[in-house]
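I have placed the structure first, in the form of structure tokens, so that the comments after it can refer back to it.
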Amino acid sequence: MSGTNERSALSIAQRQFDATADAIGLDDSARAVLREVKRELVVHFPVEMDDGSFEVFTGFRVQHNIARGPAKGGLRYHPAMTLDDARALAMYMTWKTAVADLPFGGAKGGVVCDPHSLSLNELERLTRRFTTEISLIVGRDRDIPAPDLGTGPQVMAWIMDTLSMHAGFSVPASVTGKPQSIGGSEGRFTGPGRGLTMVTVLAMRDAGMDPSGATVAIQGYGKVGAVSAELLAAEGMRVVAVSDSTCGLYRAEGLDLSALRHLKEEGGHFADYGGAEQIARDDVLTADVDLLVPAALEAQVTQRNAERVRAKVVAEGANAPLTTEADAELSARGVLILPDILANAGGVVVSYFEWVQDIQSYFWGSGEVNARLREVMTRSYQAVRSESLEHNVSLRDAAFRIAVTKVAEATRVRGIYP
Ligand code: NAD
């Protein structure tokens, strides 16, 4: 792929893939296929702004691999979104769905925009126009979008409605993370945080650590971070440091999570919160805690700050929050790292449940969704841990070994390469 710079998210994803391919002795044909994305669409489209002017936005949809099923992955609205990010994140989605053994491939996409600077009407017009542009390649059996950074149930509802307008009938399974009133699933919103909590508790116990009373720092307080905070606290942990894009908050006795929830529900920022000590945003990453959950953006723990990270366990809520160098530095110090393709897979697992329920038009209660999520997360974690013990590798390397092996096998048996 041209235009890929050495330190881009894609080159990091490809280096991780190369290392895995070397470790499992993957043949050259499979390497050539899996190292590149299968399909990518770049669109530039006009949106009418509220003042009557037009702005042209750029969006992407990238599918990495569909050997195991339709492509699946989030849509991100962020000003720094790039095509390379979409390629890298699509690749991670292929591995993530394989680790959890879901019948999906990997995709990712998004629009270069700041959703917070757009009115609701502008956001709707942007979403509908973007959906029409990418409708060439998305849909129930082809590629099913979901929420990611800067998008949520309302955006998914507009996407589902636009795709349904094109089809002439409702196609709820064309997108996941929708409101429940139009075919969304119980437990989808809490899925990533719930899955992260489940595997974190399992891994801490296996490492001989008592989760109850452990202290926690969480970077990013959105769909993944806020739910993780509340569910980790429900396991007896003490959340002492959190951040959003405006600043960090610290309280040694534990933060008042219901007050933070109300603040966020009302659209507030941590910089406006008076109920805790305000600290620099990035100091949350180096807080003196047992567990760190980076749940904001990629590449937050780097060579620059890795040696100051004091957590004993890092559970990756965000995708690729640690650079390769930071991962090596923390691993060398014995920090237990729960890799993104396992730790935050709860989102895509419940998205899979939503897709299945939509296709069957038969909906499950929250107890059933959460029990099935626990089953998938526990099975995936146990498989990764066994692989890690058997080959004496990190949980990340073990998860990649499992994923690449499964995808290569599906690609080979379909006859996609000789
Ligand atoms: P979100 O938009 O709901 O929340 C993001 C949060 O991060 C916000 O609180 C924002 O203020 C904060 N933030 C942004 N920049 C920051 C910075 N520099 N420092 C501290 N906080 C910052 O997004 P989300 O859906 O929670 O996604 C977060 C991460 O989790 C992304 O990497 C995403 O790809 C990943 N993820 C999301 C899902 C999902 O289903 N939503 C599933 C798996 C992984």
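The values are calculated or read from the model by the stated rules, or taken from the named source; none is laboratory data. Model, not experiment: these values are computed from the prediction. Backbone-built Cβ (ideal geometry, glycine too); neighbour counts: all protein chains shown.
Numbers for the structure displayed
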| quantity | calculated |
| --- | --- |
| Residue tally, condition small (Gly, Ala, Ser), assigned to a helix (DSSP H, G or I) and more than 19 Å from the chain's Cα centre (by Cα), over segment 175-207 | 2 |
| Residue, farthest from the ligand (Cβ to nearest atom), within segment 136-171, restricted to residues that are in contact (Cβ under 8 Å) with a residue 24 or more places away in the chain, surrounded by fewer than 20 Cβ atoms within 10 Å (Cβ to Cβ) and closer than 17 Å to Ser185 by Cβ | Val171 |
| Selection count where residues are crowded, with 23+ Cβ neighbours inside 10 Å and of a type in the set (S, T, N, Q), scope segment 366-386 | 1 |
| Residue selected from segment 302-316 under the condition modelled with pLDDT of 95 or more and touching an Asp or Glu at 6+ places or on another chain (Cβ under 8 Å), by the criterion farthest from the ligand (Cβ to nearest atom) | Lys312 |
| Test: residue in segment 7-29 that is in a helix (DSSP H, G or I), out of contact with any Pro (no Cβ under 7 Å at 6 or more places or on another chain) and among the aromatic types (Phe, Trp, Tyr) | yes |
| Segment 239-280: number of residues that are in contact (Cβ under 8 Å) with a residue 40 or more places away in the chain, closer than 21 Å to Thr197 by Cβ and more than 22 Å from the chain's Cα centre (by Cα) | 1 |
| Segment 360-380: number of residues that are part of a helix (DSSP H, G or I) and either without any contact (Cβ under 8 Å) to a residue 12 or more places away in the chain or away from the ligand (no atom under 16 Å from the Cβ) (or both) | 10 |
| So Ala100, is it more than 11 Å from the ligand (Cβ to nearest atom) and of a type in the set (A, V, I, L, M) | yes |
| Index of the failed condition, Thr324 passing every other in (1) within 16 Å of the ligand (Cβ to nearest atom); (2) modelled with pLDDT under 95; (3) of a type in the set (Ser, Thr, Tyr) | (1) |
| Residue that is farthest from Ala383 (Cα to Cα) [pool: residues in segment 305-337 that are without any contact (Cβ under 8 Å) to a residue 40 or more places away in the chain, among the basic types (Lys, Arg) and not in a helix (DSSP H, G or I)] | Arg310 |
| Count of segment 183-195 residues which are within 9 Å of the ligand (Cβ to nearest atom) and within 20 Å of Leu255 (Cα to Cα) | 1 |
| Residues of segment 338-359 satisfying the condition of being within 11 Å of the ligand (Cβ to nearest atom) and assigned to a loop (DSSP other than H, G, I, E, B) | Asn344, Ala345 |
| Residue check for Asp358: under 17 Å from the mean Cα position of the chain (by Cα), surrounded by 14 or more Cβ atoms within 10 Å (Cβ to Cβ) and of a type in the set (D, E, K, R) | no |
| Qualifying residue in segment 281-300 (condition: without any contact (Cβ under 8 Å) to a residue 60 or more places away in the chain, surrounded by fewer than 19 Cβ atoms within 10 Å (Cβ to Cβ), within 15 Å of the ligand (Cβ to nearest atom) and not in a helix (DSSP H, G or I)) | no |
| The one condition in (1) at pLDDT 95 or above; (2) surrounded by 14 or more Cβ atoms within 10 Å (Cβ to Cβ); (3) more than 27 Å from Glu307 (Cα to Cα) that Tyr417 fails to fulfil | (1) |
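Yes/no matrix, rows are residues, columns are (1) over 28 Å from Val356 (Cα atoms); (2) modelled with pLDDT of 95 or more:
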position	(1), (2)
Ala9	yes, no
Gln16	yes, no
Asp22	yes, yes
Ala86	no, yes
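To keep it simple, each residue is scored yes or no on (1) hydroxyl-bearing (Ser, Thr, Tyr); (2) farther than 29 Å from Ser8 by Cβ.
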{"residue": "Glu230", "(1), (2)": "no, yes"}
{"residue": "Ala234", "(1), (2)": "no, yes"}
{"residue": "Ala241", "(1), (2)": "no, yes"}
{"residue": "Ala259", "(1), (2)": "no, yes"}
{"residue": "Glu277", "(1), (2)": "no, yes"}
{"residue": "Asp283", "(1), (2)": "no, no"}
{"residue": "Ala296", "(1), (2)": "no, no"}
{"residue": "Ala299", "(1), (2)": "no, no"}
{"residue": "Thr302", "(1), (2)": "yes, no"}
